[in-house]
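A.B. asks: Sharing a structure with you now.
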C-alpha cells in the first residue's frame with residue numbers, strides 16, 4: 001500500500017491559482033436566522049459556496065435551503081434530481097421566491113449530523129445574462145438520507161452582489177453550521 | 001488574496017494495489033477534494049474510502065443516486081465498515097485505457113465537533129460491471145467527530161486498483 005503523506009510526487013493535475021476565499025460564516029451557539037454574503041466583489045468570473053449545515057427545523061429530519069440574490073424575492077426557479085436511498089426522484093419549482101436546494105440536516109437528524117453542499121454560481125457578475133446555479137448536496141443518517149443534484153435560475157440580469165441562504169422550513173441554522181464563499185477568476 | 005485551493009499530494013500507480021493512503025493530512029484546510037481516476041481489476045470494483053484507519057468498524061453509511069444508462073435508482077448502505085461510493089457499476093476494467101472519474105468532497109474534515117459528511121460523484125464508463133457504465137451521486141457519513149488526518153482509498157470485493165490509476169488530494173482553505 002503506497003504511503004503518500006504530504007511528500008508525494010507532484011506531476012499530475014494543476015491546482016487552480018485563481019480560486020480564492022472571499023468570506024466565511026460560522027454560526028455560533030445562539031444560532032443564525034440566515035447566512036448572508038454581502039458586498040461580493042465583481043472581480044471573479046464564478047462563485048462557489050461550500051458548507052455544512054443543520055437547520056433548527058424540529059418537525060422532520062430533513063430541510064431544504066433557500067437561495068436568493070441581492071435581497072430579491074422574485075424570478076426564481078429550480079430543478080431537483082435526487083435519491084433517498086430507496087427511490088430516485090425529480091421535482092421542479094417555478095416562479096418562486098427563492099431557489100430551492102436539497103438537502104439540509106435538522107435538529108432531529110441525529111446527534112452531530114450535518115449536511116454538506118457545494119453550490120456553483122456561474123457568471124454572477126455578468127449584466128447580460130440571467131443567473132444559473134447548480135449544487136450537489138445531501139446528508140446521510142445511517143438508515144435514511146438524501147443525495148441531490150439541483151439547478152436553479154434567477155431571471156435577472158443584475159450582477160450578484162449579495163447571496164443569502166435561508167433554511168426552508170426552519171427559521172434558522174444551528175451552531176457549527178458553516179458556509180464559505182469562494183471566487184474563481186477567469187483567464 | 002492568496003490562492004486557497006492547494007494540492008496536498010498525488011500519485012499514479014505503477015503496480016496494482018488494494019488501497020492508497022494519504023497520511024499526515026494537515027488540519028489547516030477547511031475542505032478536502034479528492035480526484036481519483038481509477039481502473040478496477042474485474043467486475044464489481046466499487047470505490048471505498050475510510051478515515052483515520054477506521055476500516056473495520058460499522059461507522060459508515062451512504063445514500064446514492066445512480067444511473068446505469070437505462071435505469072435511475074437510489075440505494076443505501078448502513079453500518080458499513082468503509083464508506084461506499086458507487087453501488088454496483090464498479091470501476092471500468094475491460095479496456096486497458098479505460099478509467100473511471102471519481103471526485104469526492106470531504107467537508108469540514110478537521111473539526112472535532114461534527115460527524116463527517118462527504119459528497120461524491122463517479123462516472124464509470126463502458127466496461128464496468130454492467131457493461132454499460134454508470135453515473136453515481138452519493139453522500140456519505142462517518143459517525144465520528146475526530147479530525148480526519150488520514151484517508152485510505154480502495155475498492156470492494158477484495159479487488160485491486162490497476163496500473164495508471166491516479167489519485168490527487170487538494171485542500172481548500174476558507175478565509
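Bear in mind that the values in this text are calculations on the coordinates, not laboratory data. Predicted, not measured: the structure shown is a model, and the values here were computed from it. Here Cβ is always computed from backbone atoms with ideal geometry, including for glycine, and neighbour counts include all displayed protein chains.
A.B. asks: Calculate the mean, over all residues of peptide B:71-77, of how many other protein chain Cβ atoms lie within 10 angstrom of the residue's Cβ. It would help to have the intermediate numbers written out before the result.
C.D. replies: Working: counts 1, 6, 4, 11, 5, 10, 3.
Partner-chain Cβ atoms within 10 Å, mean over residues of B:71-77: 6.
A.B. asks: By count of other Cβ within 10 Å, fewest leading, how are B:103, B:8 ordered?
C.D. replies: B:103, B:8
A.B. asks: How many angstrom separate the Cα center of the stretch B:54-129 from the Cα center of the stretch A:21-56?
C.D. replies: 27
A.B. asks: Considering every residue in A:40-53, what mean count of other chain Cβ atoms within 10 Å of its Cβ is obtained? Walk me through the numbers on the way to the answer.
C.D. replies: Numbers: counts 0, 1, 0, 1, 0, 0, 0, 0, 2, 0, 9, 5, 9, 2.
Mean shielding by partner chains, rounded to a whole number: 2.
A.B. asks: What is the average number of partner chain Cβ atoms found within 10 Å of a Cβ in A:84-91?
C.D. replies: Per residue, the number of nearby Cβ atoms from other chains is 5 on average.
A.B. asks: If you don't mind, another one. As a footprinting exposure proxy, order A:50, B:76 by other Cβ within 10 Å, with the fewest listed first.
C.D. replies: B:76, A:50
A.B. asks: Using a Gaussian network for chain B with springs between C-alpha atoms less than 10 Å apart, which of these wobbles most: B:86, B:69, B:55?
C.D. replies: Looking only at B:86, B:69, B:55, the largest GNM fluctuation is found for B:69.
A.B. asks: By the gyration tensor of its Cα atoms, with a ≥ b ≥ c the square roots of the eigenvalues, what is the shape of chain B: rounded for a/c under 1.5, prolate for a/b over b/c, or oblate? Could the numbers behind the result be given before it?
C.D. replies: Details: a/c = 1.69, a/b = 1.40, b/c = 1.21.
In terms of gyration-tensor shape, prolate.
A.B. asks: Here's something else I'd like to know. Normalised by the number of residues in chain A, what is the relative contact order in percent for Cα pairs under 8 Å and 6+ residues apart? Write down the numbers at each step before the final one.
C.D. replies: Numbers: 516 pairs, mean separation 70.7, N = 187.
This gives 38 percent for chain A.
A.B. asks: How big is the gap, in Å, between the Cα center of the stretch A:105-144 and the Cα center of the stretch B:147-166?
C.D. replies: 27
A.B. asks: Using a Gaussian network model of chain A whose springs link C-alpha atoms within less than 10 Å, name the residue from A:105, A:91, A:159 with the highest mean-square fluctuation.
C.D. replies: A:91
A.B. asks: Ranking B:161, B:141 by Cβ neighbours within 10 Å, fewest first, what do you get?
C.D. replies: B:161, B:141
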